[in-house]
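Q: Mind having a look at this structure? Questions to follow.
Computed from the coordinates by the stated procedures, all read-outs in this text should not be read as laboratory data. These figures come from a predicted structure and were not determined experimentally. Note: ideal-geometry Cβ built from the backbone for every residue, glycine included; neighbour counts use all protein chains shown.
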Amino acid sequence: MADSVQIAAFVGGELRLKGSEEASSEAVLALPLSRLLVKLVRVPAENREDPVAFATPILAAMSPYPDEGLTVSCEAIADDGEGGSLTVLAAALPESAAEDIGSALDAAKLNPKRIDILELGWIRELWAKIDDGRADIRRAVLLKDVDCISLFVLDNGVPVALRAISASEALKRELMLTLLEAEDFGGAKNLEEIVIVGDMDESAIAEFAPVRRIAVATTTDADGNQVPVVEGIGGVSDRAVEAGTLDALPASWREVLEESRFKAKLVKGLSIAGGIWLLVMAVLFGVPIVFGFMTDHQRALCQEHKKKFQIVSETKNKVELIQKYSDRDRGALEILKLVSDRLPSGATLTGWNFKRGESVRFTVEADSDTIIYDFKDALANAAVIYRSEPEEGADPESAGDETREPIFDEVKPASPKNVKGRWTSEIVCLWLSDEEKQLRESL
């Protein structure tokens, strides 16, 4: 990988960078296995020409955001040859679960042009230590970082099952489930070895196979403490130059990147052309004098219309204020009742912040994350029903046409977190201004 290319890893809720000071704003982004939807898929011979189309509905069924379109990427890991099946590693990043990643990228002014799995780069770096020369064996590799424990089952170095495990889950049970998946996918084989990278208790899994540990590299921080090095960035850098590797970049992010590139080229071209034009005009026609007269003229016109503009603006603000406070369907008590009526069994509101005409923020605790997502869907579907007057000549008692107007313009849940056995999440319900709605429609 050329030094000018930036490699970024989102680990522990923050970005870690690898690259030179002259690196551009475009970067290859590596994410932990737990942040992506990942699945090993065996593509039949009739679908091998388009594995993405075959894998997309499979990953969509796994997604916690069923209404969100996924940008699926596939990396071939095994090929049975022409006329046979193709085994691929399919991955996608749900945009609804990546808001914190997008915020971190914006703060660092980075535009990701490709998204890879950090643990694949980590295994690439460690492979010389993992592989002991034995052929055709099944081994389990467990990689622990601050986000999760990533479990890979490898048959002769090729993945046949993988899983991201949180610290709160039972390691023995997760390993057993992963081995069952490996048996279904790659056939029955004995587990010959378990390789552990990172600080984790091996006693619960030692009964499955012999355990071998690989030490984690450390470095010294600013306070003189020894901290683990973020592994995998070097391996991701090597994978970035290889053809056919994963690219789980969402389509909307790619569009933003292409738009940024176009704007940069456009601005550069216009700047050059404008500079030449200004230079010629300044020499030939005295541009500063002409623009001075034009500026004075426009200033005079602005002064003439300023008072009328202020009157119209004040009237508009008064009308909007009256409309805001006369809308009883979206008052504080009505919204509190609406939220309470839709609160599922097993869920509790622990925080509430109401801003009239802007947003409602509240914190929910529930027995499971499914309850929180059901609650979010109920709020998104909440609506006010209006009925129009019956048409002329119709029965006066007949109902007119029914119109449903959503209570909230947008419902945004944060990713649920498990704290001491209870799932918590902050849900934000927004009311958008007319200008914001028109802007979104135009985009």
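Q: Give a residue-ordered list of calculated ³J(HN,Hα) values for the stretch 360-374 (Karplus: 6.51 cos²θ - 1.76 cosθ + 1.60, θ = phi - 60°; whole Hz; x for Gly, Pro).
A: The phi angles translate into 10, 10, 8, 9, 10, 10, 8, 6, 8, 6, 5, 4, 5, 5, 5 Hz.
Q: Another one. What Kirkwood hydrodynamic radius, in Å, does the chain give when the mean of 1/r is taken over all pairs of distinct Cα atoms and then inverted?
A: By the Kirkwood definition, the hydrodynamic radius is 26.9 Å.
Q: For the chain, with a Gaussian network of springs between Cα atoms less than 10 Å apart, report the residue from Cys74, Cys302, Cys148 with the top mean-square fluctuation.
A: Judging by the Gaussian network model, the answer is Cys302.
Q: While we're looking at this one, here's another question. Suppose R0 equals 41 Å. What FRET efficiency, 1/(1 + (r/R0)^6) with r the Cβ-Cβ distance, do Glu68 and Lys172 give to the nearest 0.05?
A: 0.75
Q: Give the peptides 137-143, 59-65 in descending order of average Cβ contacts within 10 Å, highest first.
A: 137-143, 59-65
Q: Taking amide H positions as placed 1.01 Å from N in the peptide plane, with prolines and chain starts having none, which residues 5 or more places from Leu432, or on another chain, fall under 5 Å of its amide H?
A: Asp409
Q: Report, in deg cm²/dmol and to the nearest 500, the calculated mean residue ellipticity at 222 nm for the chain, where each DSSP H run with n ≥ 4 adds -39500 (n - 2.57) and the sum is divided by the residue count.
A: Rounded to the nearest 500, the figure is -12500 deg cm²/dmol.
Q: Please compare each pair in Lys113/Lys420; Lys109/Lys376; Lys316/Lys355; Lys109/Lys268 to a cut-off of 27 Å on the Cα-Cα distance and tell me which ones are over it. Could the numbers behind the result be given before it?
A: Numbers: Lys113/Lys420 38 Å; Lys109/Lys376 31 Å; Lys316/Lys355 20 Å; Lys109/Lys268 19 Å.
With Cα atoms farther than 27 Å apart: Lys113/Lys420; Lys109/Lys376.
Q: May I pose another question? Which residues does the label zone of Ser203 cover in the stretch 163-182, counting backbone N under 20 Å from a point 7 Å along Cα→Cβ?
A: Residues passing the 20 Å test: 167-176.
Q: Could I ask something else about it? Can you list the HN-Hα couplings for the stretch 432-443, worked out from phi with the Karplus curve (6.51, -1.76, 1.60; θ = phi - 60°), rounded to whole Hz and with x for Gly and Pro?
A: Going residue by residue, I get 9, 6, 4, 5, 5, 5, 5, 5, 5, 5, 5, 7 Hz, with x marking Gly and Pro.
Q: Considering the chain as a Gaussian network with a 10 Å cut-off on Cα pairs, which listed residue, Asp223, Asp79, Asp238, attains the greatest mean-square fluctuation?
A: Of Asp223, Asp79, Asp238, the Gaussian network model singles out Asp223 as fluctuating most.
Q: Now a separate question. What ranking, highest mean first, results for peptides 106-115, 35-44 when packing means the other Cβ atoms within 10 Å averaged over each residue?
A: Ranked from most to least packed, the peptides come out as 35-44, 106-115.
Q: So how tilted is helix 118-130 from the main axis of the chain? Cα-based, degrees 0 to 90, rounded to 10.
A: Long axis of 118-130 versus the principal axis of the chain: about 20 degrees.
Q: Quick one: what are the phi-derived ³J(HN,Hα) couplings along the stretch 342-349, Karplus 6.51/-1.76/1.60 with θ = phi - 60°, whole Hz, x for glycine and proline?
A: Couplings: 9, 6, x, 5, x, 10, 9, 7 Hz.
Q: Using +1 at the Cβ of each Lys and Arg and -1 at the Cβ of each Asp and Glu in the chain, identify which of Asn418, Leu171, Ile335 lies farthest towards the dipole's positive end.
A: Of the listed residues, the answer is Ile335.
Q: Further question: With everything on Cα atoms, drop me the angle between helix 99-108 and the longest principal axis of the chain, reported from 0 to 90° to the nearest 10.
A: Relative to the chain, helix 99-108 is tipped by roughly 80 degrees.
Q: To test your reading of the geometry: what angle, between 0 and 90 degrees and rounded to tens, separates the Cα axis of helix 332-341 from the longest principal axis of the chain?
A: That helix lies at roughly 30 degrees to the long axis.
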